[in-house]
Amino acid sequence: MARKQGIWLIHNHASGSNDAAGLAALREHCGARGMPVEHVTCFPRDDLPTPQALDAAGIGIAALFAGDGTINAALDALAGWGGKVLVLPGGTMNLLYHRLFGDCDMVEAIDAVASGKAATCRAEMIESAAGNGYAGVLAGPGTSWNTVREAMRERDLAGMAREASEALEHTLDGPPVACIEPALGRDEGYPLIQLTPTRDGIEITAFHAETTGEYVKQTLALLQHDFRSGPHDVLGKADRVKLRIIGAGTLGLLLDGEPAEASGASTFALGHAGVDMLTTRPDGR
């Protein structure tokens with residue numbers, strides 16, 4: 001079946017911008033620009049559409065209006081599809097969206113697609129046995145702060161206090177993570193290492209906190225998911241990275257913000273998404 005300009009919208013009502021008003025504004029603008037929303041999936045309430053379902057509906061564009069975690073699941077599900085994916089800023093940080101569209105707001109991104117000014121790319125990603133990371137991967141005991149953010153999202157003050165206490169203890173006392181291949185940074189490791197896919201390889205950034213002031217600054221950065229505002233060192237870039245914890249236990253991970261675990265030394269490799277993505281920055285600039 002020939003594809004048309006209609007959109008299959010995938011969203012998550014728990015994501016940052018997915019209230020009724022935001023969804024209505026998105027649908028209205030897409031319709032006005034000749035790209036009507038013809039099908040809607042609310043994940044995880046609904047199953048993600050398969051490439052076969054999109055093809056059967058004659059859909060050419062799947063729009064992802066959600067946070068990085070939902071986008072991760074959708075891109076995995078759409079791998080191998082012959083259509084195009086439009087990532088929109090429906091979450092908190094919207095890291096992948098900004099890689100694809102820079103400082104464009106959502107209206108500008110939709111206009112670029114509707115006018116034919118957007119290109120397609122197979123965006124860089126990180127592959128591992130634990131799963132894929134399209135926006136990035138975090139590793140180490142510092143990933144435990146994700147539970148605090150979830151309590152904040154649910155406005156659970158008691159849970160937030162409890163989780164913050166446990167996360168701080170785990171960050172300080174949990175086994176640190178080290179980059180062993182290539183051998184970069186401190187042999188004794190760090191509480192958190194961030195891996196970011198780029199055109200030139202996986203960028204490796206290590207975060208540390210060694211004084212009271214640094215602990216406070218790093219804690220605020222972790223809570224806000226703005227890791228770069230915390231004390232850190234950029235260790236370098238590589239196409240393949242092997243991390244391991246210093247000591248016993250499992251390696252805590254966040255794959256696009258979603259928790260996972262790995263045991264032993266874990267390898268992360270630069271790859272490319274399995275589906276075309278729309279972008280105004282095909283050269284990464």
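The values are calculated or read from the model by the stated rules, or taken from the named source; none is laboratory data. Bear in mind the structure is a predicted one, so any value in this text is a computation, not a measurement. Please note: Cβ atoms are built from the backbone with ideal geometry, for glycine as well, and neighbour counts cover all protein chains shown.
Here are a few things to note about the model shown:
- Qualifying residues in the stretch 82-116 (those that are surrounded by fewer than 22 Cβ atoms within 10 Å (Cβ to Cβ) and among the aliphatic types (A, V, I, L, M)) - the one nearest to the chain's Cα centre (by Cα): LEU95
- Long-range neighbours under 6 Å by Cβ, at least six apart or interchain, first residue in the same structural domain as VAL241 (by TED's automatic domain parsing) within the stretch 172-201, second among the hydroxyl-bearing types (Ser, Thr, Tyr): PRO176/TYR190; PRO191/THR171; GLN194/THR205
- In summary, ALA119 fulfils each of the numbered conditions (1) in contact (Cβ under 8 Å) with a residue 24 or more places away in the chain; (2) surrounded by fewer than 18 Cβ atoms within 10 Å (Cβ to Cβ); (3) out of contact with any Pro (no Cβ under 7 Å at 6 or more places or on another chain); (4) not basic (Lys, Arg) with the single exception of condition (3).
- Selection from the stretch 244-285 of residues that are among the aliphatic types (A, V, I, L, M), assigned to a loop (DSSP other than H, G, I, E, B) and touching a helix residue (DSSP H, G or I) at 6+ places or on another chain (Cβ under 9 Å): ALA273, VAL275
- Tabulated pairs, the stretch 6-24, first at pLDDT 90 or above, second acidic (Asp, Glu), C-beta under 6 angstrom, 6+ apart or interchain: GLY6/GLU38
- Of the criteria (1) of a type outside the set (Val, Ile, Thr); (2) under 18 Å from the mean Cα position of the chain (by Cα); (3) modelled with pLDDT of 95 or more; (4) farther than 24 Å from TYR97 by Cα, which one HIS272 fails: (4)
- Counting only strands (runs of 3 or more DSSP E) that sit wholly inside the stretch 1-75, those with at least 2 residues that are in contact with a His (Cβ under 6 Å, 6 or more places away or on another chain) and either assigned by TED's automatic domain parsing to the domain that holds VAL107 or crowded, with 22+ Cβ neighbours inside 10 Å (or both) are 59-66.
- Residues being within 24 Å of the chain's Cα centre (by Cα), at pLDDT 75 or above and exposed (fewer than 15 other Cβ atoms within 10 Å of the Cβ) - total across the stretch 183-223: 3
- Residue in the stretch 224-236 that is surrounded by fewer than 18 Cβ atoms within 10 Å (Cβ to Cβ), modelled with pLDDT of 85 or more and within 29 Å of VAL87 (Cα to Cα) present: yes
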